Amino acid sequence: MKDHFNEVHPIISFIYFLAVIGLSMFMQHPIYLAIALISSFIYSVMLSGTKALKFNLIYMVILLVFMATINPLFNHEGATILFYLKSGNPFTLESAVYGIISSLMIIIVIIWFSCYNVIMSSDKTIYLFGRITPNLSLIFTMVLRFVPLYKKRIEKIIMAQKCIESTEVKGYINKLKHGTKILSIMTSWSLESAIETSDSMKARGFGLKGRTAFSNFKMTGRDYYLALWMVINISLLIFSRLHINDSAIFFPVIKINLTNYTGYLGFFGLCFTPILLNMMETLKWQYYVSKI
Amino acid sequence: MNRKTLNAFIILILIPITMLFGIYVLDDRKYYFISMLIILYTLLPFFLMFEKKGPKLREVMLIAVMIALAVAGRSAFFMLPQFKPVVAIVIISGFCLGSQSGFLIGAMSGFISNFFFGQGPWTVYQMFAFGLIGFLAGLFKNSKTLNTNINKKALCLYGFIATFFIYGGIVNIQPSLMSGHVMNWKATMAVYVSAVPFDLMHSIATMIFLYFIAEPMIEKIDRIRIKYGLNGLSH
């Protein structure tokens, strides 16, 4: 399936991930956690299919079990004692629940980052930071180009060395020494050619005034609507939290307020932005197809 | 704003304000968010100074090559977990090119290699840990000219200590910070203890790499620096 959120302007998608990941780090309230978990899960599956499904499930179960047992083993706060450990310390319900909540927070952030890795590709990152930090962005682009180049170069060096040497390299020490030799050839070749590249770039007018970078991103009407949508939802969330008490307290007893419906709606709208966008675009497409 | 005022501003004003904000506004619970912010503040001046200095294109290239070698090295050994040459290359770079470039090369290696390995909440911590190792390696460099006689044993020892204590120490604290509620020393120690075999593996790998590649690489970098007159990098 085609992902339409991948096509929106990099600034919009970056702000979306910043907001969603930043907020997910703060939320300990089970409703918000549920919203974030469901949306991030659905979106990651939309982006990477069964691979994401497998990864999410395996990772989630391991982390959940690990944290839910580790936390009550070390943390003995809470009023509801389930049983006593061998060391004489109590194993409390609150502590176990808190372990689950905090492991969910970590899981959600990790799933969001798996979506971030698909959407915010390196060209978008360069576009976003190229104007603020031109030198670092140059380094960034050069490195991305150098990595595949160096892999090819190493292959070439190995082939050349094979031609020169009459016998096969045997023994661990010899192999290590051989590897070192290849790396040192690699280093001098790369350093020398990089300096040449920089001289060539300079000769062609790199860094002169009035030069611009090519990019293919344009803010469209849809991007403005998306920005507006996110601003509305984030302000709904923040302002409702200022007025209505929706705290979630776990110690000494679990006390959760479940009445901030506006806040839930706002967070739902924010987290589901890419999913809703995809649904909308699909419906639009089907509508146009049906009209033909 | 020069470097000293910027550093003073960050250390004396920005970091305390953030900590107070964490204690009073966020109820002293969001260690993760606050620690992340503080690490970002420490990364910032290096990046800003690098931009402001307006380095020569040749210097930028030299830094890019070192980062690329570190990133390519990390992906070349993808099948051996923890057995990575990144720290070794960062130490060599810091040693040859000075503290500031060392920090930059370390931090950027962490950042860019995670485009191949996956970004996550750990990226900032890795960037800081690699950067710090490179920065400290730069302090060992005493002369601006050739590093003719390299003390290989000392370099290997530094590699081991830096990987085990600095990298392991910084990166392993991240999961316990993230669990939010009151920091629990026992739980944190449990994480550290369970990470010991991995850190040990990583440290030994760094030592082995340093032992074999330090001398030839330092020689090559110095040769390039003399040939093209890149002495601006050292301060």
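Only the coordinates and a few stated rules stand behind these numbers; no lab work does. None of these values were measured; they are calculated from a predicted model. Here the Cβ is made from the backbone with ideal geometry for all residues, glycine too, and neighbour counts use every protein chain on show.
Mean per-residue shielding of peptide A:181-194 is 6, counting Cβ atoms of other chains within 10 Å of each Cβ. When the alpha carbon gyration tensor of the range B:14-120 is reduced to an equivalent ellipsoid, its three semi-axes come out at 30, 20, 10 angstrom, largest first. Taking every alpha-carbon pair within the range A:193-234, the share separated by more than 17 Å comes to 61 percent.
Every Cα-Cα pair in chain B was counted, and those over 30 Å apart are 28% of them. Rg over Rh for the protein assembly as shown works out to 1.00, both radii taken from alpha-carbon positions and Rh defined as the Kirkwood radius. Calculated mean residue ellipticity, 222 nm, chain A: -25000 deg cm²/dmol, from DSSP H runs (n ≥ 4) at -39500 (n - 2.57) each, averaged per residue and rounded to 500. Taking every residue in B:66-75 and counting other chain Cβ atoms within 10 Å of its Cβ, the average works out to 6. Where does the Debye-calculated log10 I(q)/I(0) of the range A:1-46 sit at q = 0.25, 0.30, 0.31, 0.32 Å⁻¹, using only Cα point scatterers of equal weight, no solvent? For the range A:1-46 at q = 0.25, 0.30, 0.31, 0.32 Å⁻¹, log10 I(q)/I(0) is -0.98, -1.11, -1.12, -1.14. Considering only the other residues whose Cβ falls under 13 Å of the Cβ of B:GLU215, what net charge follows from Lys and Arg at +1 and Asp and Glu at -1? Charge balance in the 13 Å sphere: +4. Normalised by residue count, the range A:191-272 yields a Cα convex hull volume of 239 Å³ per residue.
Dimensions of the range A:1-143 from C-alpha coordinates, computed as largest minus smallest value along each principal axis and given longest first, are 59, 36, 26 Å. Semi-axes of the equivalent ellipsoid of the range A:127-285 are 54, 28, 17 Å, computed as sqrt(5λ) over the eigenvalues of the C-alpha gyration tensor in descending order. Pairs spanning more than 27 Å between alpha-carbon atoms, out of A:LYS181/B:LYS141; B:LYS84/B:LYS152; A:LYS54/A:LYS156; A:LYS162/A:LYS202: A:LYS54/A:LYS156; A:LYS162/A:LYS202.
Per residue of peptide B:211-220, the mean number of Cβ atoms on other chains within 10 Å of the residue Cβ is 5.
Taking packing as the residue-averaged number of other Cβ atoms within 10 angstrom, the listed peptides A:209-219, A:138-148 run from highest to lowest as A:138-148, A:209-219.
Give me the distance between the Cα centres of the range A:250-292 and the range A:211-227, rounded to whole Å. Their Cα centres are 25 Å away from one another.
Gyration tensor over the Cα atoms of the range B:65-105: the corresponding equivalent ellipsoid has semi-axes (square roots of 5 times the eigenvalues, largest first) of 21, 9, 6 Å.
For the range A:92-194, the convex hull spanned by the alpha carbon atoms encloses 196 Å³ per residue.
The GNM of chain B, with springs linking C-alpha atoms under 10 angstrom apart, assigns the highest mean-square fluctuation among B:ALA76, B:ALA107, B:ALA214 to B:ALA76.
Electrostatic bookkeeping for A:MET201 treats Lys and Arg as +1 and Asp and Glu as -1; over the other residues with beta carbon under 14 Å from its beta carbon, the sum is +3.
In chain A, the C-alpha radius of gyration followed by the widest Cα-Cα span (Dmax) gives 26.7, 80 angstrom.
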